[in-house]
1. Report, by chain and number, residues whose modeled amide H sits under 5 Å from the one on T33, excluding near sequence neighbours (fewer than 5 apart, same chain).
2. Give me the angle, in degrees from 0 to 90, between the Cα long axis of helix 118-128 and the longest principal axis of the Cα atoms of the chain, rounded to the nearest 10.
3. Report, in deg cm²/dmol and to the nearest 500, the calculated mean residue ellipticity at 222 nm for the chain, where each DSSP H run with n ≥ 4 adds -39500 (n - 2.57) and the sum is divided by the residue count.
4. Give me a comma-separated list of calculated 3J(HN,Hα) values for the range 57-64, in order, Karplus coefficients 6.51, -1.76, 1.60 applied at θ = phi - 60°, integers in Hz, x for any Gly or Pro.
5. Could you tell me the number of lysine pairs in the chain with C-alpha atoms less than 26 Å from each other, where the two lysines are 8 or more residues apart or belong to different chains?
6. Cα centroid distance between the range 39-116 and the range 1-33, in Å?
Amino acid sequence: MSKMKYKLPKGVTLEILDDDAHRKDRQDSAFYTWYDSNNVAYLTYEDREYSVTCVGEMRIHYKNQVIRYCDDLVNAGIKNDKDLAKIDKAGGEWINNSWFEVYDEINNDYTGEVYHTVQDAIESVANWIVDEETVNA
């Protein structure tokens, strides 16, 4: 398992809150889907603070079982993004999927940004957090 390295602009601080975000092979939101929303990472720059949060429900029909949470995936033998991509080929069916949203900690509201991988979410936030006008556009 190789470790994920995120590209961040100078001055942006990243705190990983879910250890799977350190894994290159677990970038899909499915691996961050729990019973409730899950804060995955926290980014700060000067007076701006944002959380990357996994939200939404996941429901997969796979080999006579219903998968709703990331521990169900692992128990079904789906241990990484490569395995996840094989669900359809194995006769599985995605009914619902989760995603990542960005929460503005200062304004107490979601920004409306939606991402499907941890890397996209973290690096996108890291790049626009340094330009507050982009966020508020």
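1. Residues meeting the criterion, in which the H sits 1.01 Å from N, are C70.
2. In the chain, helix 118-128 runs at an angle near 10 degrees to the longest axis.
3. So the calculated ellipticity at 222 nm is -4000 deg cm²/dmol.
4. Taking θ as phi minus 60°, the curve returns 9, 10, 8, 10, 9, 8, 6, 6 Hz for the range 57-64.
5. So the count of such lysine pairs works out to 21.
6. 13
Quick note: the coordinates plus some simple rules give every number you see, no bench work behind them. Small disclaimer: the values here were computed from a predicted structure and weren't measured.
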